[in-house]
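Heads up: the structure comes next, in structure tokens.
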Amino acid sequence: PNFVFILTDDQDRILGKEGYTPLGSLDVMPVVKQRLMDEGSLVENFMVNTPICCPSRTEFFTGRYFHNVGPPGDTKGTCMHADTTLAGDANTGLFGLMEGIGYNVGVFGKVTNDQSRILKQ
């Protein structure tokens with residue numbers, strides 16, 4: 001099967017026009033709201049382990065928890081202490097694993113803050 005996965009940042013319930021609302025930051029992003037909600041779907045109860053950009057993305061794209069992608073003090077950490085090379089590695093990252101089983105993979109936008117290195121892998 002074919003599928004499209006869209007990951008967005010900073011979709012917070014507290015960042016709405018009037019404070020906390022069910023739509024939060026989407027209140028002030030009408031085009032994003034229209035594209036993702038009106039033409040797509042809304043996940044009401046999605047949790048992340050580490051609500052910080054690079055660690056969260058690296059966890060998602062590798063299926064690993066933060067202590068396995070580079071806790072603070074780990075010298076491998078390249079982006080907010082996360083070893084983002086794991087996300088781009090063909091054996092540990094979602095993109096390489098999907099390509100390995102025959103999918104054509106396209107990545108658009110930001111993967112991590114140091115993505116130029118990741119996309120070369």
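Annotations
- Criterion: more than 21 Å from G109 (Cα to Cα) and either among the charged types (D, E, K, R) or modelled with pLDDT of 85 or more (or both) - qualifying residue of E59, E39, E44: E44
- Helices (runs of 4 or more DSSP H) enclosed by the range 26-107 - at least 3 residues per element that are without any contact (Cβ under 8 Å) to a residue 24 or more places away in the chain and under 24 Å from V4 (Cβ atoms): 30-33, 94-100
- Within the range 63-89, tally of residues that are at pLDDT 80 or above and polar (S, T, N, Q): 3
The values are calculated or read from the model by the stated rules, or taken from the named source; none is laboratory data. Treat the numbers as computed from the prediction; the structure is a model and nothing was measured. Positions of Cβ are generated from backbone atoms using ideal geometry, with glycine treated the same way; all protein chains shown enter the neighbour counts.
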